[in-house]
Each structure stands twice: as structure tokens, then as C-alpha cells.
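Everything below concerns the one structure shown next.
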Amino acid sequence: MNSCGVSLSAATVALGDEAKKMAAGKASRDSEEESLSLTVEEREALGGMDSRLFGFVRLHEDGARMKTLLGKAVRCYESLILKAEGKVDSDFFCQLGHFNLLLEDYSKALSAYQRYYSLQSDYWKNAAFLYGLGLVYFYYNAFHWAIKAFQDVLYVDPSFCRAKEIHLRLGLMFKVNTDYKSSLKHFQLALIDCNPCTLSSAEIQFHIAHLYETQRKYHSAKEAYEQLLQTENLPAQVKATVLQQLGWMHHNMDIVGDKASKESYAIQYLQKSLEADPNSGQSWYFLGRCYSSIGKVQDAFISYRQSIDKSEASADTWCSIGVLYQQQNQPMDALQAYICAVQLDHGHAAAWMDLGTLYESCNQPQDAIKCYLNATRSKRCSNTSTLAARIKFLQAQLCNLPQSSLQNKTKLLPSIEEAWSLPIPAELTSRQGAMNTAQQNGSDNWNVVQSLSHHPVQQVYSLCLTPQKLQHLEQLRANRDNLSPAQKRQLEQLESQFVLMQQVRHKGVAQGLHKSQSSCVSGPNEEQPVFSTESAQYQQATSTGIKKPNEHLTLPSNSVPQRNADSHLSSHIATSGGQQGIIFTKESKPSKNRSLVPETSRHTGDTSNGCADVKGLSNHVHQLIADAVSSPNHGDSPNLLIGDNPQLSALLIGKANDNVGTGTCDKVNNIHPAVHTKTDHSVASSPSSAISTATPSPKSTEQASINSVTSLNSPHSGIHTVNGEGLENSQNSTKVDLPLVSHRSTSQIIPSMSVSICPSSTEVLKAFRNLGKNGLSNSCVLLDKCPPPRPPTSPYPPLPKDKLNPPTPSIYLENKRDAFFPPLHQFCTNPKNPVTVIRGLAGALKLDLGLFSTKTLVEANNEHMVEVRTQLLQPADENWDPTGTKKIWHCESNRSHTTIAKYAQYQASSFQESLREENEKRTQHKDHSDNESTSSENSGRRRKGPFKTIKFGTNIDLSDNKKWKLQLHELTKLPAFVRVVSAGNLLSHVGHTILGMNTVQLYMKVPGSRTPGHQENNNFCSVNINIGPGDCEWFVVPEDYWGVLNDFCEKNNLNFLMSSWWPNLEDLYEANVPVYRFIQRPGDLVWINAGTVHWVQAVGWCNNIAWNVGPLTACQYKLAVERYEWNKLKSVKSPVPMVHLSWNMARNIKVSDPKLFEMIKYCLLKILKQCQTLREALVAAGKEVIWHGRTNDEPAHYCSICEVEVFNLLFVTNESNTQKTYIVHCQDCARKTSRSLENFVVLEQYKMEDLIQVYDQFTLTSFFPDTAEEIGSC
């Protein structure tokens, strides 16, 4: 034993020590496991904690105990997930996501939510999950996904307890997306909701007023602002912001009197604003602009100085200072100010233009050209064509000057390259809080001119890192661990300078303010200055940023995370068509103040005030550029990695990819909802496994009073109750579809039912009785188990390129017999034919089209109203922006109104003007080849703009049988399937008029008049007859591809349902979308099949008549219901009340098609259930249901708030019921307005016995051959 060199006793001691260590380790692990386990009390406290509490639970004040508990729960859940290797119940991941969201750990929350999504096939039923996911997307500025998540929550559960919060955020996001109509609707829905919210009613009212201003509805905005000022106890910051907006509007707009009156009112409002908030840098800037406009130069300088003191220097302020210097004939000082502006914002078009003007005035055309070129490269440049002409003129001048004169000429100013490298004043880069205090104590009479002219080199920093320094910085970073002390100090200096450059560009405002749009971070590379390689590299460096050591985010380029957890939300509206973003502001402690609206570009030439702010909130600001909204990378869903725990990250993210498909986008793991591979997984044995949203705790929560409005993205206020009950007791069973990838569900939109439609109504009502004592909140007519509707993906396999211009199905008629031949009806309604052109219909039927000519219309009703759309005359297959510089999808189409007589006069004068132009061309160009050359040149010029303005007379109502008796009678000559009224037309069974659908509308056109891209209302078929004398050109895309066009609209920041858009054919062909293209001649009838997308342009002067029809087919009914549900998802009113129509069909029509019968029968069954459960709930709650009945031809009813269809049980305000005006609400909106419905009466229009009788008597009939033409299917 001794030969081993170790004695036995020593070995025994060593073994004993090792045993002690092992025992100690085991005890330590047992202790750790015990510390990670949750007690019964802790589990009860966590049982009701989910995303619905976000923003309503304090974690930073007296909520330290709750924060600790949530942190412990997260550690416990993560430990259990690691032990089980991720094979735990999916609710674990959902709850883990909720806890991380409440702790504001957004990356972990998103990872957990995505793992839950991959495991839970019916994830879309979980409203709390989708709400939490939407909040995370909203935080990361991924508005495309946030909007979809929030819309799904409202679709599945309209009574969701945080609906007000959702409407507010949707309003803000749509405002950023410039979808102002949707934004206004959601703001108004938030305003009527009496539930708690993170913004006050005054702040929501402010956003509505600002929305009017952004749309240039200045009188409506002024009225809304002034009404808001009358609000009692209006917060000081809101008051200051409202006064600021009013002041700037008076400065810019012709709201009152002459210029002197305007400026007087503007200065008064701005001074009042500064009384309410003396620290508003933006108000000081606006005041300086007003003083400058009336020639008070010194007052303007003082105001600009105050603006720089109160907020960090902005490009707008420095640009305005430059203008003043230039006006005072101080070119060098003006140069420095302009350089400050463009260094802060490389894309500040106004500063570049002013700088170019300055150089031109100093006879330095080369530098002027460089500045003008940089201005034209900015996305915010509004007069590119003028600048291009000026550049061309200066270049021509330079060519004519001798080279010697250019070289020997003395320069008054440094060249742009030299000026860019000049040091800039310390006020631009080193403003600190202490500096502010010193300035406030003794700088009221500070002279801007003196400072810039005489102290430009004191306390300055250079904004440029040379390429050599940037390269050296990267080398030092790469070898950080091996650096000497001197090299480390050098690295610190370079990084400090680099951070400074980044801050100058990224930090726009302090204390809750944000710099203007012109001061924001530079845009894409096309907005970089072009004069210097060094400056270009500097720009690249400053846009790169420094990644924090502990930062482990992997996001698509269009999703910019907010780095601060406690945020206040505001919208960013650009007034000149520029980018837009949302600002989030961090606060270290609660405050009653909040940011409302950031500042926007306000330099010379701006016409709108889209800027407002409420400050005093924060010490950090981070702007989120809204390229995330308009970026084409909508297919990229943000996906985050948890860097502090790679093993857990692999479980949450990596294993998700084992179960679902992965995308190929940059550094993003996409989850495809079309794949629902369910993996077997066991439930962890820990007691904590019992915690989930499906098992809420019975423990009640204590309601806390709201003394201040908390931020949208921070849990700062106490836990609130929902509808008078604890949140645990509110509805939490309905959940929503994750909007990661648009797809068409593999199941039918109205699938076979889990409840048979064959039993009688008695059995049905017995089965449904007592299922929904709280009333039915979701009124969708689809099966309960169906997820929210989704657009279809592009058909697979894609069509070959040579099939993308298919021939248009056409039928040529020779006589009346051909028109009434039954196969014609079958051919038109065949879903395989998206469009059919029936040639020569008018001649075959001897229709008198002259009854619809302009001359006859004027003679019949010359004062009849005409809606006018003002548009730009463009080639039919192209759509350019107003400047003619690029092709776009947005179609300019502004609305106004006139009369038939006045439009007829315009139509005739347009024709005469065209004749004169043609005659002039013939006299000027005798040679045919010259004509072709000139035509080509004109075509090229036309594409580049500016474009001629035309007026299109549209939506002229011909429904009045007394006024248009002859015209409407003539249309009865048509075959039954295309008539306005017929037994086989579903729209004839609605029972009331739907203008433009079951009535005739007339269109009066001049060449170039456009009907933008659309599907018909509720996907019904349409009939269009060209009256002539000119032709129309049609573009048609099959219904299967509407999802692709919807995606294109979203990528182009357009609303597929509501916006005016004209597709770019190149985009469609690249996406393998087939386009039918044809000419409609006078007398031709165009049949647009159900769901077909189409857009039309007039080739000549012509009139058209059109209306909708609904063939009695399963395909038509199915598509109509799908669009009904899609409209509900998108908060758009459906013109066709499908529930009301379905009951009328059951009363009036015998159906022999099993598919159509099954869909209608199921709709009746579901509505019967809704009426039953809602009525029982009202009676149980002691609410009287008053019989009201229906009158003949009474229209279907819609909610006056959210515009969903309301069937049978109408919630009417007491006041309107007394006055017999009957302002109808749906149940959800009524309860949001008055929780106990004390301000409402409930009117019943149908007896349950009557509905039961209709349901029982609606049966499948036998098929008769002679009715074949009335029956069809998909």
C-alpha cells in the first residue's frame, strides 16, 4: 500500500471527503428544487395571471412581491420544461409566455408563445394567448402581425375584457399605416367603451382630432380640438398639446382671415401652450417659425434657442435657423446651421434644398448640384421634378463655363465636402441636464448669431469617423481580449465617439418629446449624401449600431424592438407622405403625463400640422421606424432566442421546428399554421403543472382605483375587475388564430357539423339550452370549431408564364333565342369561368341603350346627384405616383359631388377639347412617321407626369322607379339570370333595397376614368352593360388569387377592402397571377362571377350601367358567407345581411342542392341557438324583452357602433326608443357602453315560435330537371 505513495488512512479520509461533497451537493439540489416549487398559495395567486393583466398590474412600486412571485414562477416552469426535455403540456408554454410578458421580458414571451402555438392545434381558441402575442408584436413594431392577432381576438370574442385596449392599439397602428378610416373607427370604438384603459378618454379624443388634421380636414380638427379644450380637469400636458396643434394649424392653414390674423392667433395659441408646458421644445420651435414669418428675427432666434435647450437639437430647428441666417445675409452661419440639420437627418430634403440655394446664391453651382441631388434622393422630397429641372439648368451652365474660370474662382463658402467635416456647435451634441439649468438661469437673451459666428470651435465633437478609424475600431473589437491598456483606452475612445454619432442620429427628443419626421434616423441607402465616400461610410457606420453584449434578439429587418420596458405610446404621422413610426417612451416611475403624438417635419412649404406631443415622461426615447408596416417582408414573423439559457432556447425554438415547417427568411424561424403536427408529450409531475389559463383560481382580485393613466406597454396600474367581477371569473375560453402565415384552411369554411341538422327545432333547443347563460358573444355564422377566416394562398402548382394571359371566355349572341338558351346561364355561373363577356346582347334583344345616354339622362332628371371621383389620366396598364417617378398600387381618387347636368357639360366639353387637340396634331404633323414619333414622345412624357386631371361620374342611383321608369322597364327584356329582380336572384330575397346591389347604378365616363381593383360586395356576381359610344378595358383575376392581391395591398400599405388601388401587372405576373384582359364594346354585357377581382378603365367617352345578382348556388352562398365573416374580422360593414337573408331564403325558396341546403340549414341552426341563449340570459338577469315586431320592407339592422348585423334582439337606447328613432346596438357594444344595460331596452322582432316553425319547415326538396338552371354548386 505504501508503494503507491498514499497511505490507507489518507485514502479513507479522501473518500470520506468526497462522500461529504456528494451529500452536500444532493442536499443543495434538493434545496434548490424545493425553492423552485410553488406553494398552494402561490399557485392560487398565479392562477389568474395572464396577458389580460398586462398594463394593469404594478411591478415597479408596491408590486415587488408580485414581481418576485412571477420571477419564481418563470424559473420553476423553465426548470420543469428542462427536466421533461420540453415534453410538457402545451399550456405550460402559454402560461410561461404570459408570465414573461408581465415581467416585460418580450423575447422569452415570444419564444414561449411560439412553442405553445406549435404544440396546440386549436391555439386560435385562446384569446388570452393571441392578445399576449399581439402585445409582443406591437412592442417589436411588427404591426402587420399585431393587427392580425388583435383582429382575431375581437372576431372570436367581441366581448373580450381588453377590447378597449385592442381598439386603441389598432387605431394607433392604422393611423401609422395611413388607413385613416379604420383608425377612426377603432378610436371611436375605444372611446365608447367604459372599461379601464391605459389611455384616458381625453387622450383618445386628441388622437381623433389629430386624425382629422392628418387627413387635412382642418375645420373638423379645429372643432374637435376646441371641444377637447372645454373638457373639465383636462390634464396640463394634453391641454398644452392641443393648444400647440391649434397654433400650428393657424400658422399653416387658411382657417381664419388674412396672414396677420393667422399669425396673431397662432402666436397666442403657442404662448398659451407654453404657459401650460414651458419645457416643450416643439412649441418653442413653432413659435420661432411664426415670429420668423412676420419678420421678428430676434424673437425667432430666441425661440429657436429655447427649442434647442428644452429638447435635443432637431434637424427642423437647425434648418430654420439656417433660413434666418440666410435672410440676414450671413452665409457662413447659414451653412453651419444647414450642415447641422443634414448631419442630424441625411434625408432632410428641405435642408438640402436650402443648402443648394445658398451655394447657388454664392455662385458655387457644383456644390449646389450635389445638394439638390441629395434632396431628390430623399423620400420626403415633394418637388423632385422642379429640382431635376434646376439641376439640368446648372449642369448646362457648367458646361458652358471654361475650366480655367472654375479653377481660379474664389469660393465664398467651403465646399460641401469641407463643410461636412467642420466641427459643429456643442449645443448640437453635448446638451446635458446641468447645461439646461445653467442656460435657464442666464441665457434668456442669448444671441444665436453671436454663438454660431464667434464660438464655432469651442466644445465641439466631430461627427465623422474616417474609414481608417472605423476599420481600426473593428480590429480592436475583434481582439478585445488581447489588447494592451493603451489599446483598450483607444478602443473606449473610439466606441464613445461611435456611440455619440449613433445618439445624434437616433435620439431625437428628450423628456417625452420626439424630433420631427425630418429629424428621424436616415432612411435607406438611397437617402445617403452622395458627395463623399468618407461621409457615406460614416453613415453606414452610424446606422449599424452597437449590439449589447447581453442582447440576443434575432428579428427581421422590419421589426425594430423597443428597448425600454415601460412605454408610453404615440403615433407618428408624416405630413408629406414620408415614413411613419410609433414612439415609445420609458419612464422610471409613474407619471400622469404621457406622450400623445410625436413631432413631424415642419419646414418651409409644409401644409399640415401632424405634430403634437405630451412630454415630461421619460429619460429615454427610441423611435420605431414604420418601415415595419410597409416592408415587403410581411412573411417574417419575429422570433427570438433566449441567450441566457441556450438549452431552454433550444427547447422553446429549436424543437418547435421539429413539429412545423420553417421559413427561409433571414434569421427568422417561421411557424406555418397550415401545419398542425401534434407531438405526444407528457405532463410534468410537478404541482406547478396544474397552473394554466384553463384552470383559473377562485381567488378574487382586488380592484384598484385609477389615479393616473398608465402606459400602453407597461403594467403600472393595479389589478382591475372586468364587468364587476374578478378577472378569473371573466370569459377566458375563447381564443384566436395566430396570424403568422396567410392560408386557406384545409377544411371547408362551412364544414359538416358536430350537431346534426336533421333533428327538429325542439331537440335542437333542448341540446343548446343552458349552454350559454352569459349570452352568446360571437355571432359568426361559421362552425364554432372553425378558426377565423384567412385569405387563400396562391394555387399550387403555379401556372407557367405562358398561361398568365388566358383568353377571356366570350359568348356571341345572334338573336333573342341565344340569349335565353339555358346553357348560357350555366356557362356564366360555372366557377371555372371568373368572367364571361356576352357580345352583342343589346342587338340580339333590341335593347334601347339610348335611354341611358347622357342626353336622355339630362332630359329626364338633370338635377340628379352624381358622385365624382377626381383621378389622374394614365395608361390603362400602368399606375404612377403623381410625380411620374415610380409605379405604385395606390390609385388617386378623391370624392366630390355634382349633378347629372353639370357632369354632362363636363363630359361634352372634354370631348370637344379632345377633338381640338386631334385637329391641332393633324395640322402640325402631316407625315405619318412624324405622328408616330410624336405619339411615342407624348406617351413617354405622360408616364413621367405631371398627369392630366379627369373626373369620373360614378354611383349614380337609378333605383327610383318613378324617375327612371322607362330605363328600368327596358331592362326587363334581359334573361332572368341577369335581371335586377328575379326569383332565382338571392338579392331579390333580402326584402329591402341595397343601393347599387339589387338596384341599378349608372357610371358616366371620360377616357381614363377608373374603377379601382375590388371584389363585389359580399362576393356577389355582377352585371355590367356598356352603353357606349366608347369602349372600356377590363382586367380580371380569378377568385382563387384574391389572397395574393390582398398581400400586395398590405405590402403597399393599402386596405384591400377599403382603399383605392390599381395593381401593377408586373407584380402580378412575377407572382404567377393570371390576368384576363379584354375590351368591352357598346352593347356588350360583362358577367363577373362570384369573388372575381377586377378593375376597369374607360378607353373612350361612355356610360355604363351595373348591378349585382346572386345565383342560387352553393358556391355563391359559400363565398358570400366567407366574405361576411372576413368583413367582420376586418371591422368592415357587410352590405348584404347574410343572417337576415338566410332566414328569408328558408321562408321563400325550395332548395334541392344538398350542399346549399346544408349550409343554409346550419346557419339557421346557429342563429336559433344564439337567439335562445341570449334571450335566456337576458331573462335570467332580469332584463325585460319587449315585443316590437317588424314592418314590411324594414331593412336589416346593424350596430350603430361596430356595424355588425343585429338579428331579432335589438339593444336600443332608452332615449332613441322614446323618440322612436331606434339607435340599435349589438349586445357587446351595449354592454361596453353600459355594463348592466340600464340605459338600454331590448326589442324582439321575431317570436321564437315563428323562427322554430321556419327552421322545421325548411327541408331538402327533390331535384326537378326543369329547375336545373337554378341550382349549382362549387
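For the reader, a short list of remarks on this structure follows.
- Within the range 1151-1176, the set of residues being within 40 Å of the chain's Cα centre (by Cα) and open to solvent by 60 Å² or more (accessible area, probe 1.4 Å) comprises LYS1155, GLU1158, ARG1175.
- Test: LYS1155 is touching a helix residue (DSSP H, G or I) at 6+ places or on another chain (Cβ under 9 Å) and assigned to a helix (DSSP H, G or I): yes
- Residue within the range 1089-1103 that is open to solvent by 20 Å² or more (accessible area, probe 1.4 Å) and either of a type in the set (A, V, I, L, M) or not in a helix (DSSP H, G or I) (or both) present: yes
- Scan the range 831-854 for residues that are without any contact (Cβ under 8 Å) to a residue 40 or more places away in the chain and either open to solvent by 50 Å² or more (accessible area, probe 1.4 Å) or hydroxyl-bearing (Ser, Thr, Tyr) (or both) and the total you get is 1.
- Looking across the range 312-347, just one residue is open to solvent by 30 Å² or more (accessible area, probe 1.4 Å) and in contact with a Gly (Cβ under 8 Å, 6 or more places away or on another chain), and that is GLU312.
- Looking only at the range 1032-1066, and only at residues there that are of a type in the set (Asp, Glu) and open to solvent by 40 Å² or more (accessible area, probe 1.4 Å), the one that is nearest to SER1009 (Cα to Cα): GLU1066
- When restricted to residues that are surrounded by fewer than 22 Cβ atoms within 10 Å (Cβ to Cβ) and either in contact (Cβ under 8 Å) with a residue 40 or more places away in the chain or more than 16 Å from TYR265 (Cα to Cα) (or both), the range 275-294 contains 4.
- When HIS346 is tested against (1) over 26 Å from SER314 (Cα atoms); (2) not in a helix (DSSP H, G or I); (3) not hydroxyl-bearing (Ser, Thr, Tyr), exactly one condition is not met: (1).
- Among the conditions (1) part of a helix (DSSP H, G or I); (2) surrounded by 24 or more Cβ atoms within 10 Å (Cβ to Cβ); (3) touching a residue at least 24 places away in the same chain (Cβ under 8 Å), TYR113 misses just one, which is (3).
- For the range 168-200, a tally of residues being open to solvent by 10 Å² or more (accessible area, probe 1.4 Å), of a type outside the set (Asp, Glu) and under 13 Å from the mean Cα position of the chain (by Cα) returns 8.
- Among residues of the range 1177-1215, those that are within 30 Å of LYS164 (Cβ to Cβ) and either part of a strand (DSSP E or B) or open to solvent by less than 40 Å² (accessible area, probe 1.4 Å) (or both), counted: 19
- Yes/no for GLU970 being at pLDDT 95 or above, part of a strand (DSSP E or B) and more than 30 Å from PHE1207 (Cα to Cα): no
- The residues in the range 957-989 that are open to solvent by less than 10 Å² (accessible area, probe 1.4 Å) and within 17 Å of GLU1016 (Cα to Cα) can be counted, and the count is 4.
- Test: residue in the range 118-132 that is in a helix (DSSP H, G or I), surrounded by fewer than 24 Cβ atoms within 10 Å (Cβ to Cβ) and charged (D, E, K, R): yes
- Scanning the range 281-318 for residues that are part of a loop (DSSP other than H, G, I, E, B), in contact with a helix residue (DSSP H, G or I) (Cβ under 6 Å, 6 or more places away or on another chain) and modelled with pLDDT of 90 or more yields one hit, ILE294.
- Summed over the range 792-814, residues that are within 17 Å of ASN833 (Cα to Cα) and among the polar types (S, T, N, Q) total 3.
- Residues located in the range 246-273, provided they are within 19 Å of GLY295 (Cβ to Cβ) and acidic (Asp, Glu): ASP258, GLU263
- Subset of the range 1047-1077 (residues that are closer than 24 Å to PRO800 by Cβ and in a helix (DSSP H, G or I)): ASP1047, PHE1048, LEU1065, GLU1066, ASP1067, LEU1068, TYR1069, GLU1070
The values are calculated or read from the model by the stated rules, or taken from the named source; none is laboratory data. Keep in mind that what you see is a predicted model, and the values were worked out from it rather than measured. Counting neighbours? That spans all protein chains shown, and the Cβs are built from the backbone with ideal geometry, glycine included. The area values use the complete protein model at the heavy-atom level, side chains included, leaving out ligands, DNA and RNA. Shrake-Rupley method; radii C 1.70, N 1.55, O 1.52, S 1.80 Å.
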